[in-house]
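Q: Before we start, here is the structure in question, set down as structure tokens.
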DNA sequence: ATGACTAGGTCACCTAGA
């Protein structure tokens, strides 16, 4: 099973890029962020024609998340409120469409578009911290459900210095400040692991390159698009790929897709004698 | 170099992104 995440920066502008990439990378399930379109205008027809079912939570101009899947998407949950009924902050944060999850082929796929935060100390930064704190409460409930969990998205956080092209200049600033890193780390607990780091310890691997400053040509990027796996799914992880070539196309999104491959079945500890 | 580029909405530049 191949699961991917991609901030497309407008699904309508990126529609042909997306269709081409779905065809070549053939993911089974995808979390999209920044669709930037209200649900009635979401290009559901062309995606269904390409073989993907859609679960969407969008809004005009900003934000917007979606799930695509070849297999049925069951038990779709939109917003934090779906697992935090009566939580007024969860309800308020739900005005921005940034959270969607679905049950796909035995996996709870949770797709997130974490707020950017603008500038450390700003009102938007406080919103980002409050949002991450709400995510922590949401995950507390999610964990109680006992479902296999894969949490993907644009986290807008370089969690460690090796995820930044210039840590000496960028560390401590927006997307790399101590408080937001701690807030995300608190969400991860001791069970959720960054799939990319299961395979690659080195720096120099990015998923986002600023449109400005010729960041792509200079390969000055950040690794802010992540897939997190719970302990059960970590056992099934085979590889994690950043589809960097998508950032090099004409009129690209500023983010590249990232995918993981999961083996079809868990290694079975009780039957290790078949092959040996 | 407190910038740079891109997308959406609305209609000339503004907000927002990260």
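The values are calculated or read from the model by the stated rules, or taken from the named source; none is laboratory data. Quantities reported herein were computed from a predicted structural model and do not represent experimental measurements. Using ideal geometry, Cβ is built from the backbone for each residue, glycine included, and neighbour counts are taken over all protein chains shown.
Q: Can you find even one residue in the stretch A:194-204 that is surrounded by 12 or more Cβ atoms within 10 Å (Cβ to Cβ), in a loop (DSSP other than H, G, I, E, B), under 15 Å from the mean Cα position of the chain (by Cα) and modelled with pLDDT of 95 or more?
A: No.
Q: Then there's this: Checking residue A:121 against (1) out of contact with any strand residue (DSSP E or B) (no Cβ under 8 Å at 6 or more places or on another chain); (2) in contact (Cβ under 8 Å) with a residue 12 or more places away in the chain, which single condition isn't satisfied?
A: Of (1) out of contact with any strand residue (DSSP E or B) (no Cβ under 8 Å at 6 or more places or on another chain); (2) in contact (Cβ under 8 Å) with a residue 12 or more places away in the chain, only one is false for residue A:121: (2).
Q: Kindly indicate whether residue A:218 is without any contact (Cβ under 8 Å) to a residue 24 or more places away in the chain, outside any loop (DSSP other than H, G, I, E, B) and within 14 Å of DNA strand B (Cβ to nearest atom). Before you say what the answer is, go through the steps one by one.
A: Numbers: without any contact (Cβ under 8 Å) to a residue 24 or more places away in the chain: yes; outside any loop (DSSP other than H, G, I, E, B): no; within 14 Å of DNA strand B (Cβ to nearest atom): yes.
Judged against the criteria, residue A:218 is not a match.
Q: Assess whether residue A:150 counts as being in contact (Cβ under 8 Å) with a residue 60 or more places away in the chain and either more than 14 Å from DNA strand B (Cβ to nearest atom) or not in a loop (DSSP other than H, G, I, E, B) (or both).
A: Yes.
Q: Can you tell me which of A:99, A:37, A:46, A:8 is crowded, with 20+ Cβ neighbours inside 10 Å and out of contact with any strand residue (DSSP E or B) (no Cβ under 8 Å at 6 or more places or on another chain)? Write out each step before concluding.
A: On the way: A:99 fails: out of contact with any strand residue (DSSP E or B) (no Cβ under 8 Å at 6 or more places or on another chain); A:46 fails: crowded, with 20+ Cβ neighbours inside 10 Å; A:8 fails: out of contact with any strand residue (DSSP E or B) (no Cβ under 8 Å at 6 or more places or on another chain).
None of the other options fit; the residue is A:37.
Q: Would you pick out the residues in the stretch A:49-70 that are surrounded by fewer than 18 Cβ atoms within 10 Å (Cβ to Cβ) and under 15 Å from residue A:7 (Cβ atoms)?
A: A:62
Q: What is the number of the single condition among (1) within 11 Å of DNA strand B (Cβ to nearest atom); (2) in a loop (DSSP other than H, G, I, E, B) that residue A:159 does not meet?
A: Against the list (1) within 11 Å of DNA strand B (Cβ to nearest atom); (2) in a loop (DSSP other than H, G, I, E, B), residue A:159 comes up short only on (1).
Q: Restricting attention to the stretch A:238-252, and to residues there that are in contact (Cβ under 8 Å) with a residue 40 or more places away in the chain and out of contact with any strand residue (DSSP E or B) (no Cβ under 6 Å at 6 or more places or on another chain), which single residue is surrounded by the most Cβ atoms within 10 Å (Cβ to Cβ)?
A: Filtering the stretch A:238-252 for residues that are in contact (Cβ under 8 Å) with a residue 40 or more places away in the chain and out of contact with any strand residue (DSSP E or B) (no Cβ under 6 Å at 6 or more places or on another chain), the one surrounded by the most Cβ atoms within 10 Å (Cβ to Cβ) comes out as A:246.
Conditions tested, residue by residue: (1) more than 23 Å from residue A:245 (Cβ to Cβ); (2) touching a strand residue (DSSP E or B) at 6+ places or on another chain (Cβ under 8 Å).
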{"residue": "A:175", "(1), (2)": "yes, yes"}
{"residue": "A:179", "(1), (2)": "yes, no"}
{"residue": "A:184", "(1), (2)": "yes, no"}
{"residue": "A:193", "(1), (2)": "yes, yes"}
{"residue": "A:208", "(1), (2)": "no, yes"}
